[in-house]
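The values are calculated or read from the model by the stated rules, or taken from the named source; none is laboratory data. Note that the structure is a prediction, hence the values are computed from the model and not measured. Reconstructed Cβ throughout: ideal geometry from the backbone, glycine too, with neighbour counts over all protein chains shown.
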Amino acid sequence: MLVLEAEGKRRGLSANALMTSLIARFDNWDRFADHFDFFSLTDVLFRKFIDEVEDDRIIAIARQSGATVARDGMLFWSKELTLESLVEYLDNRCRYAGYGSLQYEKKDRKHTLILQHKLGRKWSIFMQHTLDELFKNPLGISAQFDTTETSVVARFTT
């Protein structure tokens, strides 16, 4: 219990609040991630790898990822392929797998999804094309993207 108290204090949380966050992480991420053989890399090492890949190859990998890996993960997590399950899937990936921070807003039929990250231009390219593939198939959504070094913004109407 001393470890939980010390870690909670370091994070500005009570031991109970820390336990609640650990259980939430297990419920939302760990119990599913084990099925997909995730592994950890530092963001610095990841950027070194991805920066060595040509843009056209990143786009091809992203499209394949969106059509298979991300789609399968979304279905595994949520048991359905809907806009809501996509947002939940991305939120969990951001929160627990280091994809960045996700904001999603819906006003009437207009949607804005913003992914902010620290992984560089190539990660933005990867995420734009992965999302584009997920939006198109299976959701049938055509999104407009704005991409920068640190963000991907998708806008679409349903």
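The residue of region 115-153 that is nearest to the chain's Cα centre (by Cα), among those that are among the aliphatic types (A, V, I, L, M) and closer than 15 Å to GLU84 by Cα, is LEU131. If ARG31 satisfies every condition in (1) without any contact (Cβ under 8 Å) to a residue 12 or more places away in the chain; (2) not in a helix (DSSP H, G or I) but one, which is the exception? Checking ARG31 against (1) without any contact (Cβ under 8 Å) to a residue 12 or more places away in the chain; (2) not in a helix (DSSP H, G or I), the one that fails is (2). Taking region 69-101 as the range and being under 15 Å from the mean Cα position of the chain (by Cα), outside any helix (DSSP H, G or I) and surrounded by fewer than 16 Cβ atoms within 10 Å (Cβ to Cβ) as the test, the residues that pass are GLY98, SER101.
Condition check ((1) more than 22 Å from PHE135 (Cα to Cα); (2) modelled with pLDDT under 90) across all residues:
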position: ASP27; (1), (2): yes, yes
position: ARG31; (1), (2): yes, yes
position: LEU41; (1), (2): yes, yes
position: PHE46; (1), (2): yes, no
position: ASP56; (1), (2): no, no
position: ILE59; (1), (2): no, no
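This table checks each residue for (1) under 26 Å from ALA24 (Cα atoms); (2) touching a Phe, Trp or Tyr at 6+ places or on another chain (Cβ under 6 Å).
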site: GLU52; (1), (2): no, no
site: ASP56; (1), (2): no, no
site: ARG63; (1), (2): no, no
site: ALA67; (1), (2): no, no
site: LYS79; (1), (2): yes, no
site: LEU83; (1), (2): yes, no
site: LEU86; (1), (2): yes, no
site: ASN92; (1), (2): yes, yes
site: GLY100; (1), (2): yes, no
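In the set (1) part of a strand (DSSP E or B); (2) at positive phi, the condition left unmet by GLY140 is number (1).
The listed residues are LEU22, LEU13, and the only one of them that is over 16 Å from LEU119 (Cα atoms), not assigned by TED's automatic domain parsing to the domain that holds LEU131 and not in a helix (DSSP H, G or I) turns out to be LEU13.
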